[in-house]
Amino acid sequence: MKKELLYSQKGNVLDGPLLLKPSIFKDDRGYFFESFNQKIFDQSIVEKVNFVQDNQSLSSKNILRGLHFQKPPHGQSKLVSVTKGSVLDVVVDIRKNSNTYGQYVMEELNEFNHHQLYIPVGMAHGFLALEDHTIFTYKCSNFYHKESEDSILWNDKDLNINWPNINPILSEKDKNAKKFSSFVSPFQ
């Protein structure tokens, strides 16, 4: 597995998130790769992460989910990937003492590149489905806790995320998310 640092839209390395590229073995029958190996994962990241919950979502083209996070003490690290279709995945640094606070990274994850994105606690996360029937999977380091969930407006002008020029399909929660200018981060 190869790992790559991620650079924000301002050219700064975002400390924490990593793009993980598994070794894929292909032949005339298809392909094989390890989608998760705890030992290799532990060697790839700085902190110790124990995943306790796996989630999966199905989205049609132009569905946008995010920018979501869970507040402490129920914050979640995530390992996300796409098993069918493709997404534009966005991670925003919301750690108030970070040098890259308010900056984001955007990566395409799809069923062909098999890339995974590691997202540590203290990041808001969202994605836009680029195809119908997109299946998005994520491992979480903490259990879902409804009272701790929160979100930031996906198209907030202060974040200036370079989403494609579309009219996305949003949940009511995502339509009514907080503006970044009024957001008070619970993360150091």
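The values are calculated or read from the model by the stated rules, or taken from the named source; none is laboratory data. Values in this document were obtained by computation on a predicted structure and should not be read as measured data. Here the Cβ is made from the backbone with ideal geometry for all residues, glycine too, and neighbour counts use every protein chain on show. Ligands, DNA and RNA are excluded from the accessible area calculation, which covers all protein heavy atoms including side chains. Shrake-Rupley method; radii C 1.70, N 1.55, O 1.52, S 1.80 Å.
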Legend entry - Inter-centroid distance (Cα atoms) of region 128-165 relative to region 20-45, Å: 25
Legend entry - Nearest-20 debye value, region 1-100 charge dipole, Cβ charges on Lys, Arg, Asp, Glu: 240
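Counting other Cβ atoms within 10 Å, keep those with at most 15, restrict to DSSP loop, and tell me which GluC sites (Glu not before Pro) in region 1-52 are left.
Details: sites: Glu4, Glu34, Glu47; in loops: Glu34, Glu47.
Within region 1-52, the qualifying GluC sites (Glu not before Pro) (loop, at most 15 other Cβ atoms within 10 Å) are Glu34, Glu47.
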Inset, instruction - Work out how much length Asp54 to Asp132 would gain on full extension: take 0.36 nm times their residue separation and subtract the Cα-Cα distance, in nm to one decimal. - result: 25.9 nm
Inset, instruction - Between Met1 and Val184, with labels modelled 7 Å along Cα→Cβ, what's the label distance in nm to one decimal, could you check? - result: 3.8
Inset, instruction - Sort out the exposed loop trypsin sites (Lys or Arg not before Pro) in the chain (DSSP loop, at most 14 other Cβ within 10 Å) and tell me the longest stretch that has none. - result: 97-156
Inset, instruction - Decide, for region 29-75, between rounded, prolate and oblate: order the square roots of the alpha carbon gyration tensor eigenvalues as a ≥ b ≥ c, take rounded if a/c falls under 1.5, and otherwise choose prolate if a/b is larger than b/c, else oblate. - result: oblate
Legend entry - Theoretical ellipticity at 222 nm over the chain - DSSP helices of four or more residues, -39500 (n - 2.57) apiece, nearest 500: -1000 deg cm²/dmol
Legend entry - List Glu107, Glu131, Glu172, ordered by accessible area with a 1.4 Å probe, largest first: Glu172, Glu131, Glu107
Inset, instruction - Roll a 1.4 Å probe over the protein heavy atoms and report the accessible area of Met1 in Å², nearest 10. - result: 80
Legend entry - Relative contact order computed over the chain (Cα-Cα under 8 Å; 6+ residues apart), in percent: 29
Inset, instruction - Using only C-alpha atoms and all pairs of different ones, pull out the Kirkwood radius for region 30-112 in Å with one decimal. - result: 15.4
Legend entry - Per residue solvent-accessible surface (Å²) - region 1-105, probe of 1.4 Å: 55
Inset, instruction - Return the ratio Rg/(2.2 N^0.38 Å) for the chain, where Rg is computed over Cα atoms only. - result: 0.99
Inset, instruction - Would you mind giving the average projected area, over all directions, of the Cα convex hull of region 13-56 in nm² with one decimal? - result: 4.8
Inset, instruction - Over region 18-93, with every protein chain in place, what whole percent of the accessible area is carbon and sulfur at 1.4 Å, could you tell me? - result: 50
